[in-house]
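Working notes for the structure below.
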Amino acid sequence: MIQLSENADEEVRRDLFERINSGSLKLNDMEKRRGILRGSLQELVDELSKNTKFLGLCKFDKAAKNRKEPEKFVQIRDSSLPYGRCFA
(Lines give C-alpha, C1' and ligand atoms only; values in the text may rest on other atoms or scores of the structure.)
Protein backbone atom coordinates (compact mmCIF):
# COMPACT_ATOMS: atom_id res chain seq x y z
CA MET A 1 0.00 0.00 0.00
CA ILE A 2 1.24 3.45 -0.90
CA GLN A 3 0.21 6.39 1.24
CA LEU A 4 1.01 10.02 0.58
CA SER A 5 1.18 12.54 3.35
CA GLU A 6 -0.96 15.66 3.24
CA ASN A 7 2.25 17.57 2.49
CA ALA A 8 2.86 15.83 -0.86
CA ASP A 9 2.61 18.43 -3.61
CA GLU A 10 0.67 18.09 -6.88
CA GLU A 11 3.75 17.08 -8.88
CA VAL A 12 4.55 14.20 -6.53
CA ARG A 13 0.93 13.02 -6.63
CA ARG A 14 0.80 13.11 -10.44
CA ASP A 15 4.14 11.31 -10.73
CA LEU A 16 2.98 8.57 -8.39
CA PHE A 17 -0.35 8.30 -10.22
CA GLU A 18 1.47 7.93 -13.54
CA ARG A 19 3.87 5.31 -12.20
CA ILE A 20 1.15 3.22 -10.59
CA ASN A 21 -1.20 3.41 -13.54
CA SER A 22 1.24 2.76 -16.36
CA GLY A 23 1.38 -0.91 -15.49
CA SER A 24 -0.80 -3.86 -16.38
CA LEU A 25 -4.39 -2.58 -16.28
CA LYS A 26 -5.40 0.28 -18.54
CA LEU A 27 -7.38 3.10 -16.99
CA ASN A 28 -10.73 4.07 -18.41
CA ASP A 29 -11.15 7.61 -19.74
CA MET A 30 -12.73 8.96 -16.59
CA GLU A 31 -9.95 7.59 -14.38
CA LYS A 32 -7.37 9.24 -16.63
CA ARG A 33 -9.15 12.59 -16.49
CA ARG A 34 -9.49 12.48 -12.73
CA GLY A 35 -5.82 11.59 -12.30
CA ILE A 36 -4.34 13.96 -14.84
CA LEU A 37 -6.67 16.91 -15.32
CA ARG A 38 -7.15 18.00 -11.75
CA GLY A 39 -7.98 21.61 -11.17
CA SER A 40 -10.82 24.05 -10.72
CA LEU A 41 -12.98 22.53 -13.46
CA GLN A 42 -12.75 19.02 -12.00
CA GLU A 43 -13.47 20.47 -8.56
CA LEU A 44 -16.60 22.11 -10.02
CA VAL A 45 -17.71 18.79 -11.54
CA ASP A 46 -17.17 17.09 -8.17
CA GLU A 47 -19.13 19.81 -6.38
CA LEU A 48 -22.02 19.82 -8.87
CA SER A 49 -22.25 16.02 -8.89
CA LYS A 50 -22.82 16.06 -5.11
CA ASN A 51 -25.41 18.85 -5.15
CA THR A 52 -28.49 17.69 -3.24
CA LYS A 53 -30.93 19.23 -5.73
CA PHE A 54 -29.14 17.51 -8.63
CA LEU A 55 -29.08 14.16 -6.83
CA GLY A 56 -32.74 14.55 -5.89
CA LEU A 57 -33.75 15.18 -9.49
CA CYS A 58 -31.62 12.42 -11.03
CA LYS A 59 -32.24 9.67 -8.45
CA PHE A 60 -28.98 7.76 -8.85
CA ASP A 61 -29.01 4.45 -7.00
CA LYS A 62 -26.08 3.27 -4.90
CA ALA A 63 -24.59 1.20 -7.74
CA ALA A 64 -24.71 4.20 -10.10
CA LYS A 65 -23.02 6.40 -7.48
CA ASN A 66 -20.31 3.75 -7.05
CA ARG A 67 -19.71 3.88 -10.82
CA LYS A 68 -19.37 7.68 -10.56
CA GLU A 69 -22.45 8.18 -12.77
CA PRO A 70 -23.24 11.61 -11.27
CA GLU A 71 -19.77 12.87 -12.23
CA LYS A 72 -20.12 11.45 -15.74
CA PHE A 73 -23.49 13.15 -16.09
CA VAL A 74 -22.07 16.56 -15.14
CA GLN A 75 -18.93 16.41 -17.32
CA ILE A 76 -18.51 19.08 -19.98
CA ARG A 77 -17.85 17.48 -23.35
CA ASP A 78 -16.28 19.07 -26.38
CA SER A 79 -17.11 16.90 -29.37
CA SER A 80 -14.71 18.86 -31.60
CA LEU A 81 -11.74 17.32 -29.77
CA PRO A 82 -10.35 13.93 -30.78
CA TYR A 83 -12.26 11.00 -29.28
CA GLY A 84 -14.86 13.34 -27.73
CA ARG A 85 -12.41 14.13 -24.96
CA CYS A 86 -13.89 15.68 -21.84
CA PHE A 87 -12.56 18.71 -20.07
CA ALA A 88 -13.61 17.40 -16.69
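The table below gives the values:
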| item | result |
| --- | --- |
| Residues satisfying the stated conditions in segment 3-54, i.e. modelled with pLDDT of 80 or more, under 20 Å from Arg67 (Cα atoms) and not in a helix (DSSP H, G or I) | Lys50, Asn51 |
| Condition broken by Phe87, with the remaining ones in (1) at pLDDT 80 or above; (2) within 24 Å of Asn21 (Cβ to Cβ); (3) of a type outside the set (Gly, Ala, Ser) satisfied | (1) |
| Residue within segment 63-76 that is under 23 Å from Gln3 (Cα atoms), part of a helix (DSSP H, G or I), more than 10 Å from the chain's Cα centre (by Cα) and modelled with pLDDT of 80 or more present | yes |
| Residues of segment 4-18 that turn out to be over 16 Å from the mean Cα position of the chain (by Cα) and among the charged types (D, E, K, R), as a count | 4 |
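The values are calculated or read from the model by the stated rules, or taken from the named source; none is laboratory data. Owing to the predicted nature of the structure, the values given are computational and were not obtained by experimental measurement. Ideal geometry is used to build each Cβ from the backbone, glycine not excepted, and the neighbour counts take in all protein chains shown.
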